[in-house]
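Nothing in this text is a laboratory measurement; each read-out follows from the coordinates by a stated rule. No experiment lies behind these values; they were computed from the predicted model shown. Glycine gets a Cβ as well: all are built from the backbone with ideal geometry, and neighbour counts include every protein chain shown.
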Protein chains: 2
Amino acid sequence: MIYFITGNKNKFEEVKSILPDVEQLDIDLPEIQEIDAKEIIKTKLTEAFNHADGEFIVEDTSLYFDCLKGLPGPLIKWFLQTIGNDGLAEIAEKLGNNKAEAKTIIGYAKNREEIYFFEGAIKGRIVNPKGETNFGWDPIFLPDGYEKTFAEMSREEKNEISMRRNALNKLSEFLRSGK
Amino acid sequence: MIYFITGNKNKFEEVKSILPDVEQLDIDLPEIQEIDAKEIIKTKLTEAFNHADGEFIVEDTSLYFDCLKGLPGPLIKWFLQTIGNDGLAEIAEKLGNNKAEAKTIIGYAKNREEIYFFEGAIKGRIVNPKGETNFGWDPIFLPDGYEKTFAEMSREEKNEISMRRNALNKLSEFLRSGK
């Protein structure tokens, strides 16, 4: 059995739509202090084997600002908690460079030794918050080639161009190819 | 025996000068992803009891920017690693508010249940890097009332006004008062 480890029902549904055999496992794994998303994922996957039997998937979706040389990255939750989307947009504006990348990294652990990573990334710009604010940094990310922030798109629209979808498709191919 | 957990010889010497009975314990404890320094310290102290017998001291010294509502705080190392002191100074300048606080929090665990915290803080301003750059963010922190950044001061000058010294003095008093 392959488990996708998350407490987020929406994320799990997106995974399930592409990998129907995957089940949700809602356990709380410690997040180490790191800005390398792969290291964070690897630590969680290794820890997962202490909680359950099976194969595991962990994902990290983060926002990387050009003007901050890759910050906030996986530290995005703390930026949201302190300065929020308004503060994030202000930094990009005041530093004079609003380019950013939204990136999903998926880690798949077949066992403790065999861990594989799959990435999907979308380039875009940081703008003043627009749209529903109920999903993290979605209101400030305007993907290149679109005129709506992630928060202004329907879930279908967003999934269509999403970095998570891209990463999941790569994992799906990998699993189908016989591992 | 009371152990001060650190890999940093300079920090240990400062502690030892105020608490002569304390010994150094150089073990690597996991740093959880958090911006609440007390939570980070508490997790480390709790974990320490799985490594050794005794009483433990863990400290966190971080820099809190007014313009970032408290960031970077304990995330300072990642800011230094990515944008560096130049980038940090630029943020304070461009956001138009260079006020900051350098704060040390010391956690002392007598046992797993009894954990005490002691704080020392110094207000100051973020300036363009000046002085030796071999100690983290010292070159950009100008304490209020002084005309030198921490990096431009001798170790003695710095210890004299240091937030770590203040916190240590509080811990020292607490220990002398019979716990």
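How many nanometers, to one decimal and shortest first, lie between the label point of A:Gly131 and those of its other copies, if labels sit 7 Å from Cα toward Cβ?
Label point to label point, same position, other copies: 4.6 nm.
Enter the angle in degrees (range 0 to 90, nearest 10) between the Cα long axis of helix A:37-48 and the first principal axis of the Cα atoms of chain A, meaning the one along which they spread out most.
Between helix and principal axis, roughly 30 degrees.
Under the 0.36 nm per residue contour assumption, what length would be gained going from the current alpha-carbon distance of A:Lys69 and A:Thr46 to full extension?
That works out to 5.4 nm of additional length.
Let me check I've understood the local charge: for A:Gln24, count other residues with C-beta under 11 angstrom from its C-beta, Lys and Arg +1, Asp and Glu -1. What total comes out?
0
Where a ≥ b ≥ c are the square roots of the eigenvalues of the C-alpha gyration tensor, would you call the protein assembly as shown rounded, which needs a/c under 1.5, or, failing that, prolate if a/b is larger than b/c, or oblate?
In terms of gyration-tensor shape, oblate.
Please check: in the Gaussian network model of chain A (C-alpha springs, under 10 Å), which one of A:Ala52, A:Ala102, A:Ala121 has the largest mean-square fluctuation.
Answer for the Gaussian network model of chain A: A:Ala52.
Expressed as an acute angle from 0 to 90° and rounded to the nearest 10, what is the orientation of the C-alpha long axis of helix A:84-94 relative to the principal long axis of chain A?
For A:84-94 against chain A, the angle is about 60 degrees.
At B:Asp53 and A:Glu157, where each label point lies 7 Å from the Cα along Cα→Cβ, what is the point-to-point distance in nanometres?
6.6 nm
Can you tell me the FRET efficiency between A:Asn128 and A:Gln24 if r is taken as the Cβ-Cβ distance and R0 is 30 Å, rounded to the nearest 0.05?
0.30
Taking every residue in B:73-83, how many Cβ atoms of other protein chains lie within 10 Å of its Cβ, on average?
For peptide B:73-83, the averaged partner shielding equals 5.
Averaged across the residues of B:86-98, what count of C-beta atoms belonging to other chains lies within 10 Å of each residue's C-beta?
2
Can you give the extra length, in nm with one decimal, that the chain gains between B:Glu114 and B:Glu93 once fully stretched, where that is 0.36 nm per residue apart less the Cα-Cα distance?
3.3 nm is the gain from fully extending B:Glu114 to B:Glu93.
In nm, to one decimal, how far is the modelled label at A:Glu13 from the one at A:Ser172, with both set 7 Å along Cα→Cβ?
Result: 1.7 nm between the two label points.
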